[in-house]
Amino acid sequence: MIYNLRYWSLIVLVILVYVAGMFVTLFENDSAQFSVMAMRMVQENDFFSLFKGPEEYLDKPHMHYWLAALSYKVFGIHEWSYRISGILATLLAAYSCYGLGNLLYNKYVGKLAALIFMTAQTIILGAIDVRTDAVLTGFSILAIWQLAKYIEKGSVSAIVIGGFAAGIAFSTKGQIALLVIGLPILCHLFYTGKWKAFISWKVLLALLVFAVSITPMLYAYYLQFDLHPEKVIRGKDHRSGIFFIFWEQSFERLSGEGIGKNSSDYFFFFHTFLWVFLPWTILGIAAFYTKIQAFIKHKFKNVQGSEFLTVGGITLIFIIISFAQFKLPHYLNITIPLFAVITAAYIYNLYTLDKVKVLKYLMIGQYFVLSIVFIASALICLYVFKLNSVVAYVFLIVAAIIIIYFVFKKEGVCMKLITISVCASLLLNAVLNLHFYPNLLDYQGGSSMAKVIAEKDIPVDRIYKVNSNHTWSLDFYNQFPVQITTPEVLKGITDVWVYVNEDEMAMLKERGFDWDSQLSVDQFRITRLQGKFLNPNTRKKVTRKMHLLHLH
């Protein structure tokens with residue numbers, strides 16, 4: 001289906017794309033926010049308390065922040081050290097995709113599943129814009145694989161690893177972890193009828209391992225919240241962190257209570273899937289449809305060579321998260337390992353059954369995806385942010401020539417299908433990580449201002465702001481939080497710097513403030529791109545300024 005040399009060459013190139021993204025400036029809001037929260041743990045030597053700026057943080061458990069803090073302790077506080085745990089979790093997820101594919105089908109499906117997972121657009125994006133989902137995905141799919149392995153083989157080590165992985169996943173994002181692990185496993189039990197596997201002392205051992213693995217997180221919640229009923233969190237006192245993580249969290253997510261609502265569109269994840277699984281979207285939809293069709297045809301009877309873990313898990317997870325009132329695209333990351341396995345199995349079946357005609361039709365779809373990637377890459381490099389380096393032009397031309405070579409190379413259609421799909425992902429994400437994001441982040445005011453502050457050797461403990469808006473990237477790169485104050489307090493102090501937007505600068509001027517130095521940078525909400533910003537001719541119309549004023 002694909003030669004070993006070709007396969008491992010593609011894997012190495014994908015990892016290089018991941019590494020290139022490690023050194024890109026952190027994105028606001030979530031990546032920069034989470035990095036600051038972990039940084040605070042290290043700086044204050046308090047690993048049991050979570051704070052979001054000045055507010056105590058109840059929303060998510062501690063594991064992601066602990067892993068980032070551990071990386072800071074070992075490597076220092078850098079954007080690349082923050083991303084290490086996310087990338088390692090992603091590689092763990094890829095290996096688990098291989099393991100699950102091998103368990104349910106064979107090693108060829110497993111190998112292809114790992115490659116598909118690593119090149120899915122949302123997974124590569126999740127390795128640069130690192131949130132809690134990278135760790136959640138890695139340990140959730142590890143748990144699914146090991147628990148399924150236990151069901152099939154009765155292995156003690158498998159169920160122990162499964163219990164531990166489930167505990168780490170739960171300690172990362174709470175109840176959603178048990179949902180995304182439990183639903184596929186229940187589907188597998190339903191389809192195979194092997195319910196007796198869970199009537200065993202081994203299950204009690206796994207539960208004990210799970211309980212031990214979540215104990216540090218529960219203890220941290222207990223220390224920060226349960227011991228302090230007087231604390232008011234989101235308008236309520238007597239908040240129990242342990243009760244929250246075991247009961248309240250998921251209901252708040254589904255209802256939008258506490259964190260707010262951003263979408264009542266029940267089809268949000270269906271149309272979001274069209275881009276998050278690129279360049280494999282067409283193949284993934286075809287694989288899912290074919291699987292469902294086969295199950296209906298056989299009336300969900302257990303047929304040799306088939307499995308219901310992946311399709312059943314995907315379907316139930318989609319249904320449940322679609323009813324949540326707060327939705328974000330990266331919530332789909334937890335389903336990508338399952339999609340990777342069914343897509344790999346679908347391609348393998350087409351190959352072994354010699355379905356050349358179907359493969360050729362799918363190849364047309366992948367050529368379409370590749371052409372869109374070529375156009376997007378050309379627009380990014382020649383129009384949105386023009387390349388200004390001869391080396392960069394040479395790199396782009398060489399990459400295009402190599403891809404065109406594989407397009408016209410005479411080889412098996414299945415080999416070409418896989419190679420072209422991976423090449424589309426490599427080209428797009430190499431352009432994004434090496435060119436687009438570095439230029440885009442020049443318009444992120446906080447991180448840009450931090451560079452100016454470092455160049456001018458401005459004392460970070462003398463920088464203030466006159467609002468409660470978060471300044472995550474500025475806080476992280478200064479390695480010191482911007483202090484909140486009021487104009488009245490500023491009247492009584494001298495030799496300080498104030499970080500303001502244009503409206504706040506006008507307000508200070510109206511109140512009689514004077515400054516002898518003004519430093520300015522461009523500001524745009526870079527995670528909410530729009531056509532006017534991407535068009536260099538209209539970019540200034542939607543770009544604002546952030547200023548650092550020296551009050552003498």
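Can Val482 be described as free of Cβ contacts under 8 Å to residues at least 24 places away in the same chain, surrounded by 12 or more Cβ atoms within 10 Å (Cβ to Cβ), under 24 Å from Arg40 (Cβ atoms) and aliphatic (A, V, I, L, M)? For Val482, the condition - free of Cβ contacts under 8 Å to residues at least 24 places away in the same chain, surrounded by 12 or more Cβ atoms within 10 Å (Cβ to Cβ), under 24 Å from Arg40 (Cβ atoms) and aliphatic (A, V, I, L, M) - is met.
Close contacts from region 389-413, counting a first residue that is assigned by TED's automatic domain parsing to the domain that holds Val369 and more than 26 Å from Asn439 (Cα to Cα) and a second that is at pLDDT below 90 and β-branched (Val, Ile, Thr), with Cβ to Cβ under 8 Å and a gap of 6+ residues or different chains, come to Val413/Val356.
Here's the yes/no breakdown for (1) of a type outside the set (A, V, I, L, M); (2) outside any helix (DSSP H, G or I):
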position	(1), (2)
Val341	no, no
Ala345	no, no
Tyr361	yes, no
Ile372	no, no
Ile375	no, no
Ala378	no, no
Ile401	no, no
Lys410	yes, yes
Cys414	yes, no
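Residue by residue, here is whether (1) crowded, with 24+ Cβ neighbours inside 10 Å; (2) at pLDDT 95 or above; (3) not in a helix (DSSP H, G or I) holds:
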{"residue": "Val42", "(1), (2), (3)": "no, yes, no"}
{"residue": "Asp46", "(1), (2), (3)": "no, no, yes"}
{"residue": "Ala68", "(1), (2), (3)": "yes, yes, no"}
{"residue": "Lys73", "(1), (2), (3)": "no, yes, no"}
{"residue": "Ile77", "(1), (2), (3)": "no, yes, yes"}
{"residue": "Ile84", "(1), (2), (3)": "no, yes, no"}
{"residue": "Leu88", "(1), (2), (3)": "no, yes, no"}
{"residue": "Leu92", "(1), (2), (3)": "no, yes, no"}
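Looking across region 197-250 at every residue that is over 21 Å from Ala177 (Cα atoms) and of a type in the set (Asp, Glu), the one that is modelled with the highest pLDDT is identified as Asp226. For Leu147, the stated conditions hold: it is surrounded by 24 or more Cβ atoms within 10 Å (Cβ to Cβ), farther than 22 Å from Val276 by Cβ and outside the structural domain of Leu370 (by TED's automatic domain parsing). The residues of region 473-508 that are in contact with a Leu (Cβ under 9 Å, 6 or more places away or on another chain) and in a helix (DSSP H, G or I), listed by number, are Ser473, Phe476, Tyr477, Pro487, Leu490, Met505, Leu508. Filtering His470, His547 for residues that are buried (at least 19 other Cβ atoms within 10 Å of the Cβ) and part of a strand (DSSP E or B) leaves a single hit, His547.
Go through region 532-552 and give me each residue that's out of contact with any helix residue (DSSP H, G or I) (no Cβ under 9 Å at 6 or more places or on another chain), more than 16 Å from Ile458 (Cα to Cα) and either of a type in the set (S, T, N, Q) or modelled with pLDDT under 90 (or both). Matches in region 532-552: Asn537 only.
Can you say whether Asn535 is farther than 23 Å from Ala38 by Cβ and surrounded by 14 or more Cβ atoms within 10 Å (Cβ to Cβ), as far as the supplied structure shows? No. In region 302-328, the residues that are at pLDDT below 90 and of a type in the set (Gly, Ala, Ser) reach residues that are surrounded by fewer than 16 Cβ atoms within 10 Å (Cβ to Cβ) and in a loop (DSSP other than H, G, I, E, B) with C-beta atoms within less than 7 angstrom, at least six apart or across chains, in these pairs: Ser322/Tyr266.
Please count how many residues of region 126-168 are under 22 Å from the mean Cα position of the chain (by Cα) and in contact (Cβ under 8 Å) with a residue 60 or more places away in the chain. Result for region 126-168: 16.
Taken together, the residues in region 199-219 that are out of contact with any helix residue (DSSP H, G or I) (no Cβ under 8 Å at 6 or more places or on another chain) and either among the hydrophobic types (A, V, I, L, M, F, W, C) or within 14 Å of Met63 (Cβ to Cβ) (or both) amount to 5. Residue-level analysis places Lys301 outside the set of residues that are of a type in the set (Lys, Arg), assigned to a helix (DSSP H, G or I) and not assigned by TED's automatic domain parsing to the domain that holds Leu396.
The values are calculated or read from the model by the stated rules, or taken from the named source; none is laboratory data. From a predicted model like this one, the values you see are computed outputs, not experimental measurements. Neighbour counts are summed over all protein chains in view; Cβ atoms, including those assigned to glycine, are modelled from backbone coordinates with ideal geometry.
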